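Since the structure comes first, as structure tokens, the remarks are kept for the end.
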Protein chains: 2
Amino acid sequence: MKVVALAGGVGAGKFLRGLVRAAPDADLIAVVNTGDDMDVHGLRVCPDLDSVTYWLGDAFDRERGWGRRDETFRATEELRTFDPDAAWFGLGDLDLATHLFRTRSLSGGMSLSDVTARIARRFGIDATIVPMTEDRVETRLDVVAEGREMDLHFQEYWIRRGARDDVKGIRSEGAERASPAPGVLDAIGAADVVVICPSNPVVSIGPILSVPGVRAAVAERPVVGVSPIVGGRPLAGMADRLMPVVGLEVSAVGAARAYDGLLDAWVIDEEDAGLRARVRDEVGAQVAVTDTVMRDDEVAEHVARTALAALT
Amino acid sequence: MKVVALAGGVGAGKFLRGLVRAAPDADLIAVVNTGDDMDVHGLRVCPDLDSVTYWLGDAFDRERGWGRRDETFRATEELRTFDPDAAWFGLGDLDLATHLFRTRSLSGGMSLSDVTARIARRFGIDATIVPMTEDRVETRLDVVAEGREMDLHFQEYWIRRGARDDVKGIRSEGAERASPAPGVLDAIGAADVVVICPSNPVVSIGPILSVPGVRAAVAERPVVGVSPIVGGRPLAGMADRLMPVVGLEVSAVGAARAYDGLLDAWVIDEEDAGLRARVRDEVGAQVAVTDTVMRDDEVAEHVARTALAALT
């Protein structure tokens, strides 16, 4: 079975661990959002690629909820003695190795796809992890902060400013000129199933679908998604703040509507069982209901099994 | 008293600690070699500026002989798991903070002089540390390695390849188009004394003097230098391999000849007392003889006192 998963960060990482357990013989390709990528102190940082890699490589820190396990922050703590404001994007010492390796490889002419594959190999990952594009696409937010309009990189909005600003608009800058990374369209075209991971529909999956050709290719395949919204709240992140900006209700129904015209099936949480009929009627997708709060790999595996079964 | 010191890395750092003790009320400006600077994994690394800063800031690791005290190497060790060859330039976790801060500041438009001053302030340093230039000047070596000609950055020759290659030529690339950093010529012009630290004359002090205007400005002032060569060997580094390439004898006399036309006085080690007459005759400088092996700050202070006294 060939499976393509569209993936953001933490929710995707958790789910993909379950997917690998649920379908160990599947040929899995994770197409990962790069709209959050940024240059930090000269280093190329790709938060979603790294989250997925660290999760699949069993190197993720589940307690902290980001970054690597057994991590230390000596460089970042020291950096704060230079300038308390200089280190708002916390880079762990082990995590720095990933960014140093990636930056050096990119500047040596290696493609982001190849670097990503090299990093995945370092973590012993069997699945294929690919960036959505090798071109620069940047999720930017128009916000009103302290009474004035600002244009922020997603990470500035989310990490630096704690998602406290009033968001007026969300753009996938550069997406219209971007090409899918090599192999992405072929992989989707050959997929028996495309899975949309329980990631932020606006700033994680949205950018992937905004790369020219991707949405159309996905629309041709059987597609199942898992709702990242449970009981009207995101399990992680700030989707509740961003979904209304693009006219989406903060619910398992609203998240499904983000994928209008794509979904054949949609997995929602038991807490949202009452929304089953609305998803069916408003989105036209089959609905599966299960416990989607992936507190461990066993639950994640069950969610993945439910998603794959929902299509058949 | 206004003192300008021309400085390379470790030998200069040791000596400058002594100079600060010997002349605590002096207005000290260290003009530091930047020919060894390089981009490492996207980060701007300035080995000599950092050595001088860590020495003057009492953060240098005297045991290891480079980098910061109480250092760890988690990022670098992790990087080696990606590619054993990727981390030939070992960056400590604390040291990384310096490079991250510098890179971020430079890319934000701050000048190298201002970044250097900010870093010195972080380490509580009273002396002024300035780069020789803010322009890119790179010490490059033409070598024959494994039977073929190669053009290596100084750090590749020294750190990566362990100075094992046969050197045919040494260039200060970009020097002819470089300008001294702001204030350098004024500082030299106003100096009561210019001190040439016991650094490699070819690849540490040579690049500073190769920046247009610097040699001429130094020639106008009283100049004293300390020999980095003791008993025909450098106290550290690879000057013994590079001095012959530019026609210099590997001795306290040869090192003095590197500064032909500049030196008013030259400090040599007791072991080289027999060279006193040759220095006087061949270089035309006064000669002071003392123990120059700076095993601690007390010896360094004595060397500095001897140097300052040699001019009067």
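For chain B, what are the per-bin percents of Cα-Cα distances with bins 10 Å wide, up to the bin holding the maximum?
The distribution over chain B is 6, 28, 37, 23, 5, 0, given as percents.
For segment A:154-293, treating each Cα as an identical point scatterer without solvent, what Debye log10 I(q)/I(0) comes out at q = 0.14 1/Å?
Summing over Cα pairs of segment A:154-293 leads to -0.67.
Run through the DSSP bridge list for the protein assembly as shown and note the antiparallel percent, rounded to the nearest 5.
Within the protein assembly as shown, antiparallel bridges account for around 45 percent of the total.
At a 1.4 Å probe radius, carbon and sulfur cover how many percent of the accessible area of segment B:60-192?
With neighbouring chains kept in place, the figure for segment B:60-192 is 44 percent.
To the nearest whole number, what is the average tally of beta carbon atoms from other chains within 10 Å of the beta carbons of peptide A:102-113?
For this peptide, the per-residue mean of nearby foreign Cβ atoms is 2.
What is the gain in length, in nm to one decimal, between residue B:70 and residue B:309 on full extension, counting 0.36 nm per residue of separation less the C-alpha to C-alpha distance?
Length gained, residue B:70 through residue B:309: 82.4 nm.
Across peptide B:83-96, how many C-beta atoms of other chains are within 10 Å of each residue C-beta, on average?
Going residue by residue through B:83-96 and averaging, the value is 4.
Okay, which of segment B:224-248 sit inside 13 Å, backbone N to the point 7 Å along the Cα-Cβ direction of residue B:260?
In segment B:224-248, the label zone of residue B:260 (backbone N under 13 Å from the point 7 Å along Cα→Cβ) covers B:246-248.
Treating cross-link reach as a plain straight distance, find the lysines whose alpha-carbon is under 22 Å from the alpha-carbon of residue B:14, omitting any fewer than eight places away in the same chain.
B:2
If the convex hull of the alpha-carbon atoms of segment A:13-106 is projected onto planes in all directions, what is the mean projected area in square nanometres?
7.0 nm²
Could you state the accessible area per residue of the protein assembly as shown in Å², with a 1.4 Å probe and every protein chain left in place?
Each residue of the protein assembly as shown exposes 38 Å² on average to a 1.4 Å probe.
If R0 is 35 Å, what FRET efficiency do you get for residue B:142 and residue B:110 from their C-beta distance, rounded to 0.05?
After rounding to 0.05, the efficiency reads 0.55.
Over the alpha carbons of segment A:233-308, what is the largest minus smallest coordinate on each principal axis, giving the biggest first in Å?
34, 27, 22 Å, listed from the longest principal axis down.
Per residue in segment A:38-78, which ones lose no less than 20 Å² of accessible surface when going from chain alone to all protein chains (1.4 Å probe)?
Those are A:41, A:42, A:43, A:72, A:74, A:75, A:78, which lose 20 Å² or more relative to the chain on its own.
What percentage of the solvent-accessible surface of segment A:250-312, computed with a 1.4 Å probe over protein heavy atoms, is contributed by carbon and sulfur atoms?
Result for segment A:250-312: 45 percent of the exposed heavy-atom area is carbon or sulfur.
For the pairing of chain A with chain B, what total accessible surface becomes buried, with a 1.4 angstrom probe, in square angstrom to the nearest 100?
Roughly 2700 Å².
Which order do you get for B:282, A:146 if you rank them by accessible area with a 1.4 Å probe, largest at the top?
Highest to lowest solvent-accessible surface, that is A:146, B:282.
Using a Förster distance of 45 angstrom, determine the FRET efficiency expected from the C-beta separation of residue B:117 and residue B:273, and round it to 0.05.
After rounding to 0.05, the efficiency reads 0.65.
Show A:14, A:168, A:2 ordered by accessible area, largest first, where the area counts protein heavy atoms only and the probe is 1.4 Å.
A:168, A:2, A:14
Is it possible to state the helix-based mean residue ellipticity at 222 nm for chain B, with each DSSP H run of 4+ residues giving -39500 (n - 2.57), the sum divided by total residues, to the nearest 500 deg cm²/dmol? What is it?
Calculated mean residue ellipticity at 222 nm is -10000 deg cm²/dmol.
For the protein assembly as shown, count the residues as N, evaluate 2.2 N^0.38 Å, and divide the Cα radius of gyration by that value, please.
It is 1.19.
The values are calculated or read from the model by the stated rules, or taken from the named source; none is laboratory data. For clarity, every value in this text was computed on a predicted model and none was experimentally measured. Don't worry about glycine lacking a Cβ; one is built from the backbone with ideal geometry, like all the others, and counts go over all protein chains shown. SASA here: full protein model, heavy atoms, side chains in, ligands and nucleic acids out. Shrake-Rupley method; radii C 1.70, N 1.55, O 1.52, S 1.80 Å.
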